[in-house]
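All remarks here apply to the structure that follows.
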Amino acid sequence: MSRIFITGSSDGLGLAAARTLMKGGHDVVLHARSSERASAISEISPTALGIVIGDLASATETRSIAEQVNAIGRMDAVIHNAGIYLERSRGETPDGHAKTLAVNVLAPYLLTAWITRPDRLVYLTSGMHRSGSSALDDIDWKKRPWNASQAYSESKLYIATLAAAVARHWPDVLSNAVDPGWVPTKMGGAGAPDDLEMGHLTQTWLGASEDKAAKVSGGYWYHRQRREAAPEMTDAGFQDALVDTLAGLTGVHLFAERR
Ligand SMILES: NC(=O)c1ccc[n+]([C@@H]2O[C@H](COP(=O)([O-])OP(=O)(O)OC[C@H]3O[C@@H](n4cnc5c(N)ncnc54)[C@H](OP(=O)(O)O)[C@@H]3O)[C@@H](O)[C@H]2O)c1
């Protein structure tokens, strides 16, 4: 049985993944943005290994989340699930970043650096990553007029690319990206056509299964099938340019060899 930390497990796919893993006998550490949001999962939190609190839009709170997780102990797997979709404006996080970039990319990047390295990492991306752009000169939306859909697509290209970069730089870790499909959560909306069940079972499988097929790294997955992602994801040059850009924005270097 594994110890698994899931970001954004107060709702949607993260909560569904937590329930499935807990039913399977795994020790799950839950995460909610605030104590108020933690109360939404008071029905399952007593049987979880722990619950950590913090807003991923803030680097300080993200640091605290990593410290809370590390205080519980080393995780076997971390599922970077939390995300936001169409924000009305760029927003401005306490660190001055676009909120979509901060929550969807900078926070999982920082948590990857700060949480004691697990055996497996899973990052939630989206089919919309294909509309992302390989231009990295304005990933924080300081020059361009705000475009919520483009910002989300780019964030999902970056997170899929981060998954592949981790797989390449850390051969001892299984790191994969998952597109859950368009599913009926708070984010997906009630009319979403895809299957919520299939939408969360790939990340739980990659995070915990002993199946040989689940013990691979660097993949882009949809419904437990490996799929072709946008070519940038597997482009080592783009991966390294991205991680260098993220290091520049956060002041945190993920890969020692790129310091
Ligand atoms: N649903 C889809 O159709 C779809 C499609 C493709 C990809 N995805 C991806 O799948 C992942 C999960 O999506 P979902 O549909 O389950 O979304 P959701 O129902 O909106 O749930 C998102 C989770 O992330 C948490 N979260 C958001 N911002 C946060 C912040 N600043 N600090 C801490 N927690 C935060 C939310 O907390 P609160 O409950 O407090 O808001 C919630 O627990 C996302 O990465 C999303 O991009 C979803």
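Bear in mind that the values in this text are calculations on the coordinates, not laboratory data. Computed from a prediction, not measured in an experiment: that's the story for all the values here. Cβ: placed from backbone, ideal geometry, glycine included. Neighbour counts: every protein chain shown.
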Under 28 Å from the Cα of residue 23, which lysines turn up, not counting those fewer than eight places away in the same chain?
186, 212, 215
Residues with beta-carbon under 11 Å from that of residue 239, excluding residue 239: net charge, scoring Lys, Arg +1 and Asp, Glu -1?
-2
Please state the shape class of the range 79-202: rounded when a/c is under 1.5, otherwise prolate if a/b exceeds b/c and oblate if not, all from the C-alpha gyration tensor.
oblate
Amide N of the range 108-133 lying under 13 Å from the label point, which is placed 7 angstrom from the Cα of residue 23 along Cα→Cβ
none
With Cβ to Cβ distances under 12 Å as the rule, what net charge do the other residues near residue 127 carry (K, R +1; D, E -1)?
0
Take the Cβ-Cβ distance between residue 74 and residue 134 as r, set R0 to 35 Å, and report the resulting FRET efficiency rounded to the nearest 0.05.
0.50
In the neighbourhood of residue 159 defined by beta carbon distances under 13 Å, the net charge of the other residues (Lys, Arg +1; Asp, Glu -1) is -2
Antiparallel DSSP beta bridges within the chain, percent to nearest 5:
10
Between residue 1 and residue 212, what FRET efficiency comes out of the Förster formula 1/(1 + (r/R0)^6) with R0 = 22 Å and r the beta carbon distance, rounded to 0.05?
0.75
Is the chain rounded, prolate or oblate when judged by the Cα gyration tensor, a ≥ b ≥ c being the square roots of its eigenvalues, rounded requiring a/c under 1.5 and prolate requiring a/b larger than b/c?
rounded
Residue span residue 117 to residue 245: 0.36 nm per residue of separation minus Cα-Cα distance leaves a gain in nm of 43.9 nm
Excluding residues fewer than 8 positions from residue 142 in its own chain, the lysines with Cα under 25 Å of it are 99, 156
Just flag the GluC sites (Glu not before Pro) in the range 215-259 sitting in loop per DSSP whose Cβ has no more than 16 other Cβ atoms within 10 Å.
228
Helical mean residue ellipticity (222 nm; -39500 (n - 2.57) per DSSP H run of 4+; nearest 500) of the chain
-10500 deg cm²/dmol
Taking the simple approach of a point 7 Å from Cα along Cα-to-Cβ for both residue 256 and residue 42, what is their distance in nm?
4.6
